[in-house]
1. Of all residues in region 243-271, which are at pLDDT 50 or above and part of a loop (DSSP other than H, G, I, E, B)?
2. Do the conditions hold for residue 80, that is, is it in contact (Cβ under 8 Å) with a residue 60 or more places away in the chain and either acidic (Asp, Glu) or closer than 16 Å to residue 209 by Cβ (or both)?
3. Regarding residue 293, is this residue part of a helix (DSSP H, G or I), polar (S, T, N, Q) and modelled with pLDDT of 85 or more?
4. Only one of (1) of a type outside the set (Val, Ile, Thr); (2) crowded, with 17+ Cβ neighbours inside 10 Å; (3) closer than 29 Å to residue 212 by Cβ; (4) modelled with pLDDT of 95 or more fails for residue 61. Which number is that?
5. Looking only at region 71-103, how many residues end up being over 16 Å from the mean Cα position of the chain (by Cα), in a helix (DSSP H, G or I) and among the aliphatic types (A, V, I, L, M)?
6. For region 31-50, enumerate the residues that are modelled with pLDDT under 90 and charged (D, E, K, R).
7. Identify the residue in region 104-119 that is assigned to a loop (DSSP other than H, G, I, E, B) and not aliphatic (A, V, I, L, M) and, among all such residues, is surrounded by the most Cβ atoms within 10 Å (Cβ to Cβ).
8. Residue by residue through region 177-216, note down the ones that are part of a strand (DSSP E or B), more than 28 Å from residue 104 (Cα to Cα) and not basic (Lys, Arg).
Amino acid sequence: MVSGEVESVEDFLRELDSLRREHVVAFRGMASSLTFFRGHANHEWDLAPRLYREGLHAEEQNLVSDVLRLVPQEFSSASEFQALAQMQHFGLPTRLLDVTTNPLVALYFACLAPADASGEVHVFPNLVTFGEGSYMVPITMEFVFRQMWNNMHLEAFERSVRRYLPRDPLVEDAVMSSGMNVLTAGYTAVQPPHTNARLAAQSGAFLMFGMSEVTREVSSNPGTRGQRYVTFGLPGAVGPVGIPRPDLGRDFKGLSLRVPARSKTLILRQLDDIDVNGWRLFPEMEHAMRYVSEAYRTGSRHSFKGWGSFGAG
């Protein structure tokens, strides 16, 4: 649902204030409930993680395994979630969707190329937010790193997730159900430690997408007779953990603010004035070089041409 159109940073902040009043959006709420933002430079882009957009979901475990085989030293001190986030950082399609808690960061991304397309800032208000150590995250990582979409051994998965859930006889029967509920959740908001400079600069977080159960079969093969196997597919109606799915609907589009193509240049200039720019959000050396060269190429910065240019005489 497009809630408004913005043509300047001032417009954007005004619309955010309006959303705060109309939808009780707590932009600086408690740690367990946060509002997240994502900017799209083209309002027609799909709001889904790259792994799903590119149809590579069935190859998820193979993608991760190959990366770990090729460059294991890059992830030697990282947790599995940190490793997955780092893989995405360097270009691997994953089930993680980048979001931010800073609305101006999302506005910056909404104003990037293509210059002839209107951008959009998506707002996800008051999501129940999980830390990296919450049971939601390691259970999902157990699947990502060691299970397959088209043939998950249910009993093996049950054993692997039990250690993340309460060891209480009263809930023993719910252990498997809870594990499967994690995998089939629409998406989970995760705010990890800011372990790298880019994540910190962008006030970064992630929406971790789930799946849908397609089939559940009992094996009749002699070696695995009676064992259950599950096949997964892409999620249908997508909604966040802790909020009923219809709140965002099947198209996964909740609140959003449209940025007309004609306003992108002005907004980027205004954001640069308050130090929200490519150099600050991508604090690596190559981005610093690009930021400086582009500033002089576009004329936003230039050499001093003498007092005569100011009319002094």
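1. 253, 254, 260
2. yes
3. yes
4. (2)
5. Looking only at that region, the number is 0.
6. 46
7. We begin by selecting, within region 104-119, every residue assigned to a loop (DSSP other than H, G, I, E, B); these are 111-118.
Next, from what is left, pick out any that are not aliphatic (A, V, I, L, M): 111, 114, 116, 118.
Details: 111: 23, 114: 11, 116: 9, 118: 19.
Among residues in region 104-119 that are assigned to a loop (DSSP other than H, G, I, E, B) and not aliphatic (A, V, I, L, M), the one surrounded by the most Cβ atoms within 10 Å (Cβ to Cβ) is 111.
8. Narrowing region 177-216 to residues part of a strand (DSSP E or B): 187-190, 204-209, 212-216.
In the following step, the residues that additionally are more than 28 Å from residue 104 (Cα to Cα) were identified as 212-216.
The answer is 212, 213, 214, 215.
The values are calculated or read from the model by the stated rules, or taken from the named source; none is laboratory data. Please read all numbers here as calculations on a predicted model, not as lab measurements. All Cβ positions, glycine included, derive from the backbone under ideal geometry; neighbour counts span all protein chains shown.
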